[in-house]
Amino acid sequence: MSIAKVIVDVPTSQTNHSFDYLIPEGLEELITPGVRVSVPFGPRKVMGFVIAVTGKSEFKKLRTIDQVMDMTPVLTTELLDLGRWLADQTVSFYIQAYQAMLPQVLKAKYKKEIESLTEGDLPDHLEKLFAGRAVISFDEFMERKGNYRELLSAIHEGTVQINYIVQSKETIKKVLFIEPDKELYLLEEALVDLPKNAQKQRVILEFFLKNPEPVEKSKLVQKCQTTSSTIQALIDKNLLRKSEKKIYRNPYENTTFKKTSPLPLSNQQQKAITPIWEAIDQTRNEVFLLHGVTGSGKTEVYLQSIEKVLAKGKEAIVLVPEIALTPQMVRRFKGRFGGEVAVLHSALSPGEKFDEWTKIHKKEVKVVVGARSAIFAPFENLGIIIIDEEHETSYKQEEQPRYHAREVAKYRGQFHQCPVVLGSATPLLESFARAKKNVYQLLEMPDRMNEQEMPPVEIVDMREELHQGNRSMFSKRLLEAIRERIAKKEQIVLFLNRRGYSTFVMCRDCGDVMKCPACDIALTFHKSSHQLKCHYCDYQIPMVRNCPSCESDQIRYFGTGTQKVEEALLEAVPEARIVRMDVDTTRKKGAHEKLLNKFQEKQADILLGTQMIAKGLDFENVTLVGVLAVDAMLNLPDFRSSEKTFQLLTQVSGRAGRHKLPGQVILQTYAKEHYAVELASQYDYDQFFLQEMKMRKNFHYPPYFFLTLINVSHPNQLKAMEVTRMISKLLYKHLSDAATILGPTPSPIERINNRYRYQCMVKYRDEPNQRSIIRKILQYYYDEIQKNDLTIQVDFEPYQLM
DNA sequence: AGCACGCCGACT
DNA sequence: GTCGGCGTGCTC
């Protein structure tokens, strides 16, 4: 008898191990590692992943697998191992790791139904609920307030039973097709016999005589200028018939991609690509750090490396930050590799994601371009993994399992013995330090293509501006430059980092700032709805007229949301045509693309936006880039704030003058002499690296030390603090003397949704026991996590210190 | 997670 | 003496 080891979909520490089940006879072939099954678990059924099949078990009375959910494994053996490693690394449950590697729709859906086993022998009220039916859903029972007690006794008596159903959420899109139901000559005969007034039916039949193939109903309606009822009439005459066809949703259906061919490589590209090609040829695992300035042609290096991989019959994964996964980017890959490419990103609907994933699973594509989770693409013959903009924070998942795509990439690179290429103009400090120590191989591309200079950066001191009586958010210099460009019919990108600079409401008399009563952060003013909203919870109130604490009517909103900047800008430069891009204007599907197209087609002079316009965009007519408030980011409570500022400024600057026209960058700041600002304006990464490394060394930050952040939250402030203190104590006791434990301290955002948040941090160099200690601590608090509304989040090598 | 088992206080 | 509260523990 063969036995399957199954990880069940019950994310608790008590069930975080495999359970043994008998494989039903005849299903031995189907039930292999990596398939999903439905298994009886206690009184119900749950979904589970088969992780192994063996011959014997320590357990005596095994139950039997209920159903197989997949015809072929959804996880390869490599991914099963990877999942185990991932769960261990991130102190997550195995089931969480496996779920994270698959598209949403493969998660199980659970249903409960009640089945009547007798005829008319049920207690009255149950009989009423059933109303003659044999089966009702449990939801209906609950909705109509069924008597639970009576139900239980009926179950005991055996007159009803509860069925547990495990389903996959996946759906296959079906499209209605119409096709001839008779031989063509019969159709022709029918055509002759049609009454004279059946003009439309005639048109349709003639259409099918010309093209007898099945055709989508919607297309048919369009082509023949007809309606459903006409088609139905022909179906009723048995001349046509309906058929359903399963199709892939193709998110890029209405886009055509111009075929591109490899460009000749520049000297520096050639120099950078050679070691990558060698590693591909020798099937050798190595991590490359491709440090190339904006516009140095990194993408072409990626493309031609992939070409080499495809030529060897292998597959490629390309990770691109979520935010940069623009149509422009997709076009470059689809243009070169056509139908070989699958694209995975969050803007796709769950169904579309599933279809793209299926193409990979069925080996219909060889290249996947996608955001973080695309690193789990179920390829079995990987030839290269590329992570573009390696320093981007979106590669770290901010929920369980809190993994970093780079670490997963390294794991898979080792498994497949293939190169991993990390590309960036501003590598993460940790990565560059590793490259300097030869852990990674450093590939430098210091020059832009076509010998173009980086645009000159001008720093404007806003304090000076204030002293001269300019209280607006635009310096004289910036306005001047904007007007100049508009006159020359050139385009401008204005960048605003919203974080910390959103429109908050303050009383001018008493200085009181309107805050969320639950989260302790400033409320944001939304002009369109005239509401004050909290960004962390759902709290919102109408805009106030008077200050709640001093009654003054001098209460106003401050700060610069993009909306406000747009208004001010129109006031200063009335002739400007502005495209505003922020969360509000890009919420609708496709809005993002539409706005960019508008700008691309020069229907606007200024592109004004937040974070999202900083990356990957490439407009030839842009000659001026302005950054309105550099400081917002410098002052975040985060040891990486300088690094983030440097990265951001470098990236933004790269948007100007990428083509024939010379570009210019203007940075407005209150912290002119900060090294991150100064060195970013000089494009001096190496110098910045040295300076920042000194700081990191002094304050014991990465890459000199590793960090672990533990975040505790509880509705009771004292409790949250107490638990954090206890955890700090336990860590102090069990970790080595070389580790430092900071805290407990309140988290930078002290309260979210009426829960108090405390944190502690471990700084260490080498603590091999750390993960098992933390796992034990979590287990110790398991009960309270379950019942007492306590949460403990553990984040190894955190990006987000909030 | 869900559910059964089991040990204590409030009731016919 | 019984019903039902929820604290405890198990699911192959």
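Of note:
- Any chance A:Ser373 is assigned by TED's automatic domain parsing to the domain that holds A:Tyr395, in a helix (DSSP H, G or I) and of a type in the set (Gly, Ala, Ser): yes
- Flag if A:Thr294 is at pLDDT below 85 and under 25 Å from A:His391 (Cα atoms): yes
- Scope the range A:757-802; condition of a type in the set (Lys, Arg) and more than 29 Å from the chain's Cα centre (by Cα); matching residues: A:Arg765, A:Lys776, A:Lys787
- Of everything in the range A:194-214 that is loosely packed, with under 14 Cβ neighbours inside 10 Å and either at positive phi or assigned to a loop (DSSP other than H, G, I, E, B) (or both), the residue that is modelled with the lowest pLDDT is A:Lys196.
- Beta carbons closer than 7 Å, at least 6 apart along the sequence or on distinct chains, pair a first residue in the range A:728-748 that is of a type outside the set (A, V, I, L, M) and exposed (fewer than 14 other Cβ atoms within 10 Å of the Cβ) with a second that is outside any strand (DSSP E or B) and modelled with pLDDT of 95 or more for A:Ser736/A:Glu767.
- Here the range A:22-45 is the region considered, the condition is being part of a strand (DSSP E or B) and within 16 Å of DNA strand B (Cβ to nearest atom), and the residue that is nearest to A:Ile777 (Cα to Cα) is A:Phe41.
- Qualifying residue in the range A:445-456 (condition: modelled with pLDDT under 95, in contact with a Phe, Trp or Tyr (Cβ under 6 Å, 6 or more places away or on another chain) and closer than 18 Å to A:Asp684 by Cα): yes
- From A:Ile162, A:Ile178, residue being more than 16 Å from DNA strand C (Cβ to nearest atom) and surrounded by 14 or more Cβ atoms within 10 Å (Cβ to Cβ): A:Ile178
- Residues that are in contact with an Asp or Glu (Cβ under 9 Å, 6 or more places away or on another chain), surrounded by 17 or more Cβ atoms within 10 Å (Cβ to Cβ) and at pLDDT below 80 within the range A:526-562 comprise A:His526, A:Ile555, A:Gly561, A:Thr562, listed in sequence order.
- Selection count where residues are outside any loop (DSSP other than H, G, I, E, B) and either surrounded by 15 or more Cβ atoms within 10 Å (Cβ to Cβ) or out of contact with any strand residue (DSSP E or B) (no Cβ under 8 Å at 6 or more places or on another chain) (or both), scope the range A:242-270: 4
- Which numbered condition A:Lys5 fails, given (1) basic (Lys, Arg); (2) at pLDDT 95 or above; (3) within 7 Å of DNA strand C (Cβ to nearest atom): (3)
- Residues of the range A:9-32 classified as within 28 Å of the chain's Cα centre (by Cα) and either more than 8 Å from DNA strand C (Cβ to nearest atom) or surrounded by fewer than 14 Cβ atoms within 10 Å (Cβ to Cβ) (or both), total: 5
- Considering only residues in the range A:710-756 that are within 22 Å of A:Gln786 (Cα to Cα) and among the β-branched types (Val, Ile, Thr), the one that is modelled with the lowest pLDDT turns out to be A:Ile752.
- A:Gln99 modelled with pLDDT of 95 or more and within 16 Å of DNA strand B (Cβ to nearest atom): yes
- A:Ile482 being assigned to a helix (DSSP H, G or I) and surrounded by 14 or more Cβ atoms within 10 Å (Cβ to Cβ): yes
- Residues located in the range A:155-189, provided they are assigned to a helix (DSSP H, G or I) and either basic (Lys, Arg) or more than 12 Å from DNA strand B (Cβ to nearest atom) (or both): A:Glu157, A:Leu184, A:Tyr185, A:Leu186, A:Leu187, A:Glu188, A:Glu189
- Residue within the range A:67-85 that is within 16 Å of DNA strand B (Cβ to nearest atom) and crowded, with 17+ Cβ neighbours inside 10 Å present: no
- Per the listing A:Gln468, A:Gln417, the residue uniquely at pLDDT 95 or above and either in contact with an Asp or Glu (Cβ under 6 Å, 6 or more places away or on another chain) or surrounded by fewer than 15 Cβ atoms within 10 Å (Cβ to Cβ) (or both) is A:Gln417.
The values are calculated or read from the model by the stated rules, or taken from the named source; none is laboratory data. Worth saying up front: this structure is predicted, and the values here are computed from it rather than measured. Virtual Cβ from ideal backbone geometry, glycine too; neighbours counted across all protein chains shown.
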